[in-house]
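Chemist: The structure is given below, and queries will be raised subsequently.
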Amino acid sequence: MVHVASKILGTVNAPYGANLSAYQLAAAISDIEAAQSAMGPAFSLFSEVSPQLQLSFVSEMGLPHDKVRRVAKHFQTLCPFPLPLAK
């Protein structure tokens, strides 16, 4: 997890001046309410991280794919380009 998370955290935290841990990001991408408090980094994961790396993170964090997909679909309604995990 540390290897995948370290690649992702730099990408999702830096643009927003955030400092989410892997566990905080995992919560934000698997729960719509949690996503509200970390919207920038959560959206960044779905839009700026490769789909393969997204899936690796989801698997390594043991997140339910249906909950992650639900959050991704929520972000898809706000985004004009396709988000792979929203499918």
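The values are calculated or read from the model by the stated rules, or taken from the named source; none is laboratory data. Please read these numbers as outputs of a predicted model, since none were measured by experiment. In this analysis, Cβ positions are derived from the backbone assuming ideal geometry, glycine residues included, and neighbour counts consider all displayed protein chains.
Chemist: Residue by residue through the stretch 45-68, note down the ones that are without any contact (Cβ under 8 Å) to a residue 24 or more places away in the chain and under 17 Å from Q24 (Cα atoms). Spell out the reasoning first.
Modeler: As a first pass, look at the stretch 45-68 and keep what is without any contact (Cβ under 8 Å) to a residue 24 or more places away in the chain: 50, 52, 59, 62, 65-66.
Answer for the stretch 45-68, where residues must be without any contact (Cβ under 8 Å) to a residue 24 or more places away in the chain and under 17 Å from Q24 (Cα atoms): S59, G62, H65.
Yes/no per residue for (1) loosely packed, with under 15 Cβ neighbours inside 10 Å; (2) more than 11 Å from the chain's Cα centre (by Cα); (3) of a type outside the set (S, T, Y):
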site	(1), (2), (3)
S37	yes, yes, no
F43	no, no, yes
F46	no, no, yes
P51	yes, no, yes
F57	no, no, yes
G62	yes, yes, yes
H65	yes, yes, yes
R69	no, no, yes
A72	no, no, yes
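Chemist: Follow-up. Taking the condition of being touching a Phe, Trp or Tyr at 6+ places or on another chain (Cβ under 8 Å), in a helix (DSSP H, G or I) and not aromatic (F, W, Y), how many residues in the stretch 37-70 meet it?
Modeler: Qualifying residue count for the region: 7.
Chemist: Being in contact with a Leu (Cβ under 6 Å, 6 or more places away or on another chain) and at pLDDT 95 or above narrows it down to one residue among P41, P64; which is it?
Modeler: Values: P64 fails: in contact with a Leu (Cβ under 6 Å, 6 or more places away or on another chain).
One residue alone meets the criteria, P41.
Chemist: Sticking with this structure for a sec: Going by the conditions given, is S30 under 16 Å from T11 (Cβ atoms), modelled with pLDDT of 95 or more and not hydrophobic (A, V, I, L, M, F, W, C)? Spell out the reasoning first.
Modeler: Numbers: under 16 Å from T11 (Cβ atoms): no; modelled with pLDDT of 95 or more: yes; not hydrophobic (A, V, I, L, M, F, W, C): yes.
Answer is no for this residue.
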